[in-house]
1. Over the Cα atoms of the chain, compute the convex hull volume and normalise it per residue, giving Å³.
2. Tell me the angle of helix 44-55 to the major Cα principal axis of the chain, expressed in degrees between 0 and 90 and rounded to the nearest ten.
3. How many Å² of accessible area per residue for the stretch 1-105, probe 1.4 Å?
4. Could you give the nm distance between label points at T93 and D41, where each point is 7 Å from its Cα heading toward the beta carbon?
5. Would you calculate a helix-derived [θ] at 222 nm for the chain, using -39,500 (n - 2.57) for each DSSP H run of n ≥ 4 and dividing by the full residue count, to the nearest 500?
6. Could you work out, for the stretch 1-51, what percent of all Cα-Cα pairs fall into each 10 Å distance bin, beginning at 0 Å and stopping at the bin that holds the largest distance?
7. Given charges of +1 on the Cβ of Lys and Arg and -1 on the Cβ of Asp and Glu, with all other atoms neutral, how large is the dipole of the chain about its Cα centre, in debye to the nearest 20?
8. Would you check the accessible area of I74, probe 1.4 Å, heavy atoms only, in square angstrom rounded to 10?
Amino acid sequence: MDADWEKRMASAWGEFDAYGEERAGEFRERIDELVAELPEDSARGPFERACAFDSTGHSDKAVPLYQEALTRGIEGYQRRRTVIQMASSLRNTGRVEEGIALLTPELDAEHDELDDAVRATLALCLIDADRGREAVSLAVGALAPHLPRYQRSMANYARLLVEPE
């Protein structure tokens with residue numbers, strides 16, 4: 001994987017919307033062609049293929065590929081994206097408890113720009129698991145720092161939703 005490959009992959013994803021639903025297979029083929037250039041044991045390959053399936057409405061086919069990327073040791077930013085996207089796909093396929101289990105440790109992971117995505121995806125999983133108070137607490141807690149006012153109040157309300165009385 002080099003800068004040229006990264007650029008071509010980014011270009012493929014940048015043109016995703018131009019394919020539309022009727023040409024989703026062509027998009028996945030384009031991603032497969034780029035993945036074929038990677039070493040056979042690359043963790044990035046199954047990740048990119050999973051993203052392509054996920055983005056074209058096939059969460060069921062994406063989950064095993066995300067799992068393969070994790071098993072192969074995908075690292076850093078891509079690992080966290082893999083976890084978030086796999087949890088979302090698990091939710092979409094009715095495996096919400098697995099999604100919750102996958103995402104929950106990410107709440108305590110090193111903080112980065114994906115923190116809000118972790119919380120939003122986990123909130124969706126929680127709502128599907130009939131754990132609405134936890135879901136709203138996460139969502140409001142994630143939103144609070146972005147508000148121009150009421151940050152402290154909203155953070156407290158979020159905490160109070162899940163604190164035992």
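The values are calculated or read from the model by the stated rules, or taken from the named source; none is laboratory data. Remember, predicted model here, so these are calculated numbers, not experimental data. Neighbour counts run over all protein chains shown; Cβ positions are idealised from the backbone, glycine included. These area figures cover heavy atoms from the full protein model, side chains too; ligands, DNA and RNA do not enter into them. Shrake-Rupley method; radii C 1.70, N 1.55, O 1.52, S 1.80 Å.
1. Measuring per residue, one finds 136 Å³ for the Cα hull of the chain.
2. Tilt of helix 44-55: around 70 degrees.
3. With the other protein chains kept in place, the stretch 1-105 gives 53 Å² per residue.
4. 2.6 nm
5. Working: 10 runs with 116 residues, N = 165.
For the chain, the value works out to -21500 deg cm²/dmol.
6. Spelled out bin by bin, the stretch 1-51 gives 25, 57, 17, 1 percent.
7. Values: 20 positive and 33 negative charges, 126 e Å.
Magnitude of the dipole: close to 600 debye.
8. The value for I74 is about 20 Å².
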